[in-house]
Structures are given as structure tokens and as C-alpha cells.
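Working notes, beginning with the structure itself.
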Amino acid sequence: QLQLVESGGGLVQAGGSLRLSCAASGLFFSSYGMGWFRQAPGKEREFVAGISWSADDTDYTDSVKGRFTISRDNAKNTVYLQMNSLKPEDTAVYYCAAARSANYYIDAQRYPYWGRGAQVTVSS
């Protein structure tokens, strides 16, 4: 069983930065592809970024490309999401998720493990 705990959320002004962390406990973290998703009020959960087990493959949704960076430290069992140039439309609850696979997926249903989420609020 893998448990995930997000941290680093908060309130920031537009143009600011935040770094989310997702700490994993349990076996085989370094073998799992990881994803960050977000869900804004009244909207469906959407893929934000993904990273393979070795970090040699990453992907981002178009709206965050060039602003967000996903990374991982397998020695620390942690995955990160660095968010720069934040916009009000980035406001959402951000979730990290682990796939029982070396690769990440865009489809949230492919992830069996989820954190509880971290609120990110960007004021204009």
C-alpha cells in the first residue's frame, strides 16, 4: 500500500510561485509513475503533469507548459510541482497520484493511489 501526502499549498498573488510536495510512504515508490491533477470548484479533475519512474519522461497540460515543472527525488520518496507565474485560473485543489506502473497516465482512472489534496488559491 502506498500513502501520499501533499504539502506546500496556500494563497499567492497572481504572478507568484509555489512549490507543492508529495511525500510517499510505502514500498516501491521509485517504481511508480506519478501525476499531479487539479480540481477547481464545479469542474472535473484534470491532469496537470506527469513523470515516469526514472524522471526521463515528463508531460504537462498545455495551460501550464513553461510555467510548471514536475520533478522527483526517489531517495526521498517525494515528487514536486514547481509552479511559477501563477494565474487566478490555476486556483484548485491539487492532488498527487501514483500509478502502479513505471509510466504516468493522463487518465485519472489509471491511478490507484491518491493524496488528499492541497488547496492552491491565486488572487488577482
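The values are calculated or read from the model by the stated rules, or taken from the named source; none is laboratory data. All of these numbers come straight from a predicted model, not from anything done at the bench. Cβ placement follows ideal geometry from the backbone for every residue including glycine, while neighbour counts extend to all protein chains displayed. Heavy atoms of the whole protein, side chains included, go into the accessibility calculation; ligands, DNA and RNA do not. Shrake-Rupley method; radii C 1.70, N 1.55, O 1.52, S 1.80 Å.
All of (1) at pLDDT 95 or above; (2) among the hydrophobic types (A, V, I, L, M, F, W, C); (3) open to solvent by 20 Å² or more (accessible area, probe 1.4 Å) hold for Ala55 with one exception: (1).
Test Gly8 against the stated conditions and say whether it is open to solvent by less than 60 Å² (accessible area, probe 1.4 Å), modelled with pLDDT of 95 or more, closer than 30 Å to Ser123 by Cα and touching a Gly at 6+ places or on another chain (Cβ under 8 Å).
Details: open to solvent by less than 60 Å² (accessible area, probe 1.4 Å): yes; modelled with pLDDT of 95 or more: yes; closer than 30 Å to Ser123 by Cα: yes; touching a Gly at 6+ places or on another chain (Cβ under 8 Å): no.
In short, no.
The residue that is farthest from Ile70 (Cα to Cα), counting only those in the stretch 38-50 that are surrounded by fewer than 24 Cβ atoms within 10 Å (Cβ to Cβ) and among the hydrophobic types (A, V, I, L, M, F, W, C), is Ala40.
Return yes or no: is Arg116 closer than 13 Å to Met34 by Cβ, of a type in the set (Lys, Arg) and open to solvent by 30 Å² or more (accessible area, probe 1.4 Å)?
Values: closer than 13 Å to Met34 by Cβ: no; of a type in the set (Lys, Arg): yes; open to solvent by 30 Å² or more (accessible area, probe 1.4 Å): yes.
No: the conditions fail for Arg116.
In the stretch 72-89, the qualifying residues are those that are among the hydroxyl-bearing types (Ser, Thr, Tyr) and not in a loop (DSSP other than H, G, I, E, B), and the one that is least open to solvent (accessible area, probe 1.4 Å) is Thr78.
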